[in-house]
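First up is the structure itself, then whatever we jot down about it.
The values are calculated or read from the model by the stated rules, or taken from the named source; none is laboratory data. Because the structure is predicted, anything quoted here is derived from the model rather than measured. FYI the Cβ positions are ideal-geometry reconstructions off the backbone, even for glycines, and counts take in every protein chain you see. When the accessible area is computed, the model is the full protein with side chains, heavy atoms only, and any ligands, DNA or RNA have been set aside. Shrake-Rupley method; radii C 1.70, N 1.55, O 1.52, S 1.80 Å.
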Amino acid sequence: MTAEDQPARPDTIAIRSGRDDANTSLAPTLWATSAFITPSLDEARRMSTVPRSERFYSRYSNPTVKSFEDAVAALEGAEAALAFSSGMGAVATTIMALCSTGDHIVAQRHIYSGTQLFLQGACPRFGIDVTFVDGTTPGAFQAAVIPGRTMLVVTESPANPQMALVDLDEIGAIKGPITVVDSTFATPIGQRPLEHGIDLVLHSATKGIAGHNDATLGVVAGSKDLLDSIWAYSVLHGACASPFDAMNGLRGIRTLPVRFARQTDTALRLAGWLETHPAVACVRYPGLDSHPQRELAKRQMTSGGSMFAVELVGGLEAGRKFVEGVQLAQLASTLGGPETLVTHPASSTHVGLTQAEREDRGITDGLVRVSVGLEHPDDLLADFAQALAALA
Ligand code: PLP
């Protein structure tokens, strides 16, 4: 077998992908332009009518954004990808592009709150019905599908913030509706949903993909036909990615595999240590044997990833003291970057849900979400130890 026959591994794909256009530039190139000079009227007519015209108008397509899309498509093993101005831009545009009045969506109950609020607020306003199911119950998605009416099955795995998983093989086997997985927490390194037969994989690339907390970006990957139809709506909806953010996304992709590996190692160590601490009721991390879906995690994820949730003994007061007591980790509502962050979902990411909705999803007042960064694990352990000591 020659080197050319070898399927490239993700680490290698991440270094070289999405740069066909770079010419002699070693780094990705930034096309900071909103429009391109059109060579002739006939060409202008052609470019305004074909899908995803390149070098015409940046809302249609932009070379830096296209490079980012190509890199994500390569990592996900997809034919194509489409970038958006945020993760929610990707979620909302995908749903509105593929569903019409009278259609039905089956969605996971444990899901990022923005996605949930969109599904339960915006969708019914447009006459799109949504049925929420418990994604951890085998067969729940299939059972809720209404033949001929269900257009989309919307899932997220691992799910924000409780780290519940859905069985990707089971979702991939659903026939009829278009299946979507928000794979933000796993990144393209932690799992490859399309290999399980799923139609679309979606990311808030604001998180691990861009990876430096300096871009707000979303992306969807899948077949070229599906992406073309999402593009046809998205070009009118206008949530297109900025070339500057796409540039930061490309920069992030090159180090994603090494960042993810290091974050995973540290997360495993921290989560395992926290699990034995008397101030901790439980830890939810797919890399620990205590995770209720550990066997599924082993089957479909390459590792436990960089995120975990910790339930503190002592409810809101314990949660507050911990997130305000850490000194190296910082309190912020994002994830996947180089800084270790703690978040109190009940007061931030999921504050828009009612208390009953939060309780139903296990988002208790003592729950803290941890996004593990790139600091030295010993320093993080010492920081968590001092913050937990103050809870006693
Ligand atoms: N999906 C998941 C799983 C998320 O965690 C988030 C944001 O936290 C989003 C989507 C939305 O992404 P963005 O903030 O880039 O719009």
With charges only on Cβ, +1 for K and R and -1 for D and E, what is the dipole size of the chain about its Cα centre, in debye, rounded to 20? 480
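What order do you get for 339-350, 136-147, 29-40 when each peptide is scored by the mean count of other beta carbon atoms within 10 Å, highest first?
Put in order of decreasing packing, that is 339-350, 136-147, 29-40.
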Average accessible surface area per residue within segment 256-389, 1.4 Å rolling probe, Å²: 40
Can you compute the modelled spin-label distance between Leu381 and Gln355, with each label point 7 Å from Cα toward Cβ, in nm? 3.9
quick shape note, the chain: Cα extents on principal axes in Å, largest first -> 74, 50, 43
Separation between the Asp214 and Ile37 pseudo-spin-labels, each 7 Å from Cα along Cα→Cβ, expressed in nm? 3.2
What residue among Ala107, Met47, Tyr233 has its Cα farthest toward the positive end of the dipole of segment 10-252, where the charges are +1 on Lys, Arg and -1 on Asp, Glu, each on the Cβ? Met47
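Going highest first, how would you order 46-58, 371-383 by mean Cβ packing within 10 Å?
371-383, 46-58
At a 1.4 Å probe radius, carbon and sulfur cover how many percent of the accessible area of the chain? Could the numbers behind the result be given before it?
Numbers: 8760 of 16080 Å².
C and S fraction of accessible area: 55 percent.
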Residue-averaged 222 nm ellipticity for the chain, from DSSP H runs of 4+ at -39500 (n - 2.57), nearest 500: -11000 deg cm²/dmol
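With a/c under 1.5 counting as rounded, go ahead and sort segment 206-298 into rounded, prolate or oblate using the C-alpha gyration tensor (a ≥ b ≥ c being the square roots of the eigenvalues; past the cut-off, prolate if a/b is larger than b/c, else oblate).
prolate
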Angle check, please: helix 224-237 long axis (alpha carbons) against the longest principal axis of the chain (alpha carbons), in degrees 0 to 90, nearest 10. 90
Computed label-point distance, nm, for sites Val313 and Arg125 using a 7 Å Cα→Cβ extension: 4.6
So how far, in whole Å, is the C-alpha centre of segment 109-155 from the one of segment 165-186? 12
Skipping prolines and chain starts, which residues have an amide H placed within reach, meaning under 5 Å, of the one on Ala281, given they are 5 or more residues away or on another chain? Glu311, Leu312, Val313
Please determine, in degrees from 0 to 90 and to the nearest 10, the orientation of helix 243-275 with respect to the longest principal axis defined by the Cα atoms of the chain, where the helix direction is its Cα long axis. 20
What FRET efficiency do you get for Ala8 and Ser333 if R0 is 22 Å and r is their Cβ-Cβ distance, rounded to the nearest 0.05? 0.05
Of the peptides 319-332, 119-132, how do they stack up when ordered by the mean number of other Cβ atoms within 10 Å, highest first? 319-332, 119-132
